[in-house]
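Every number here is computed from the coordinates shown, using simple stated rules; none is lab data. Given the structure is predicted, the values throughout are model-derived calculations rather than measurements. In this analysis, Cβ positions are derived from the backbone assuming ideal geometry, glycine residues included, and neighbour counts consider all displayed protein chains.
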Amino acid sequence: MKTVINFIRKHIPEVVIIADTKSSEILHGVDNLIVKYFQFLDFDYIFISPWFGSDSYRPFLKLKKKGIGIYIHDSNPSSVEIQELELKNNIKVYQYLASLVSKLDKKDNFLYEVGLNFPLALKQVRRIIGEKKIILTSGVLNQGGVLSDLKGNFGDGGENLLVAISRAIIYPKKEINFYKEENILNVENEIRKITKFYKEEIFKLSKLK
């Protein structure tokens, strides 16, 4: 992993590198995450679970030129079992979490993850955290997220929404055997073509209100 990151830093240094760690730590465990993912591997952002409360992300606030991502409403179906529970004040857990975290995000170096396959949650989180903060949306296409639901959620200048598409790009055609050497060029061409298509579609949506 470090070799790949070093290659990216050398050849395309403008790229932001995000570690989807799904980690959750407190006390010295947080320090270990900082050493591993920032100092050693040199990621720009790491995603952590806020289950332990603010102890799991407050230590990251002191960092310069680095940031963290918080899982606000995940794309997996069973996320609703906890994240959509209603609290006494009639708001849901994910809404409370978005509000809680955004109040600590003074340097605007947090990412807020919300699955596109929960479009209402995406809209609600954008409303709560405002137009300036960056949301990363997952659950696109293969998990049921519809591209048209991106509309209106890009924030200021249409630039504050990161759209994560993985399987729909990595495996663009089921009929291609990815394990045969003679198919490598075909796979590469298909990936380039589908990536260009989604990039253009997302750019169009970012310009719509």
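Overview of values
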read-out	value
Efficiency of FRET from Cβ geometry, N90 and T3, R₀ 41 Å, rounded to 0.05	0.25
Linear extension gain, K193 paired with W51, 0.36 nm per residue minus alpha-carbon span	47.2 nm
Contour excess over end-to-end distance, with Cα ends at K123 and S99 and 0.36 nm allotted per residue	7.3 nm
Net charge of Cβ neighbours under 13 Å - reference Y198; Lys, Arg +1; Asp, Glu -1	+3
5 angstrom amide H check on G69, placed H, neighbours 5+ away	I46, F47, I48, L111
Antiparallel bridges, percent of DSSP beta bridges restricted to segment 2-164 (to nearest 5)	5 percent
Among L161, L33, L41, residue whose mean-square fluctuation peaks in a GNM of the chain (springs only between Cα atoms under 10 Å)	L41
Summed residue charge, Cβ within 12 Å of S54's Cβ, Lys/Arg positive, Asp/Glu negative	0
15 Å beta-carbon shell around N153, net charge (K/R +1, D/E -1)	+3
log₁₀ of I(q)/I(0) at q = 0.09 Å⁻¹ - the chain, Debye sum with one point per alpha carbon	-0.39
Within the chain, helix-based [θ] at 222 nm, where runs of 4 or more DSSP H residues each add -39,500 (n - 2.57), nearest 500	-10000 deg cm²/dmol
